[in-house]
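Here's the structure, in structure tokens; my notes come after.
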């Protein structure tokens, strides 16, 4: 009996989860994982007695689908924030978040100064 290659699907799904906020990188990895899993399951459906790990591939496809959904939501949210807010609004939101996380004030002031210098150019 042969085995379907679930390892690639799992690795790409994990990359999809880890990179979900990296401007679509996680989305691309998740789509590739989902497509590979779908193709492998079609091979399994055509000849199930030839493969020993069809159930594991179904699980891998589910993981890929979840990674795809999470990456899609994160990419859509990132794109929304990029297009919905001006640079000044984005910087103020980032500064507010840093203050709530307890980032040292001198670092925040330095960021604010650099931001204002970039906006003036």
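Return the label of the correct value of mean projected area of the Cα convex hull in nm², as calculated from the structure shown, out of (i) 15.0; (ii) 9.2; (iii) 9.6.
Working out mean projected area of the Cα convex hull in nm² from the coordinates points to (iii).
Helix-derived [θ] at 222 nm for the chain: sum -39500 (n - 2.57) over DSSP H runs of at least 4, divide by residue count, nearest 500?
Details: 5 runs with 97 residues, N = 121.
That calculation yields -27500 deg cm²/dmol at 222 nm.
Quick one: angle between helix 87-101 and the longest Cα principal axis of the chain, in degrees between 0 and 90, rounded to 10, please.
With both axes taken from Cα atoms, the answer is about 80 degrees.
Taking the alpha-carbon centroid of each part, what is the distance from region 1-38 to region 72-102 in angstrom?
Going from one Cα centre to the other spans 27 Å.
I'd like the orientation of helix 25-46 relative to the chain: the angle between its Cα long axis and the longest Cα principal axis, in ° from 0 to 90, rounded to 10.
The angle comes out at about 10 degrees.
Between 0 and 90 degrees, rounded to the nearest ten: what's the tilt of helix 54-84 against the longest Cα principal axis of the chain?
20
Simple spin-label model, 7 Å along Cα-to-Cβ: residue 17 to residue 96 in nm?
Computed distance between label sites residue 17 and residue 96 equals 3.1 nm.
I need the peptides 24-32, 52-60 ranked by packing, meaning the mean over residues of other C-beta atoms within 10 angstrom, with the highest value on top. Mind showing how you got there, number by number?
Details: 24-32: 20.9, 52-60: 16.7.
Sorting 24-32, 52-60 by mean packing, highest first, produces 24-32, 52-60.
Could you work out the relative contact order of the chain? I mean the mean sequence separation of Cα pairs under 8 Å and 6+ apart, divided by the number of residues, in percent. Could the numbers behind the result be given before it?
Values: 129 pairs, mean separation 34.6, N = 121.
RCO, the chain: 29 percent.
What does the extension gain come out to for residue 2 and residue 82, with contour length at 0.36 nm per residue minus their alpha carbon separation? Provide the component values of the computation, followed by the final result.
Numbers: separation 80, 0.36 × 80 = 28.80 nm, distance 4.69 nm.
Between residue 2 and residue 82, full extension yields 24.1 nm more.
Taken together, the values in this text are just the output of simple stated rules run on the coordinates, not laboratory data. The shown structure was predicted, so the numbers you read here are calculated from the model rather than taken from an experiment. All Cβ positions, glycine included, derive from the backbone under ideal geometry; neighbour counts span all protein chains shown.
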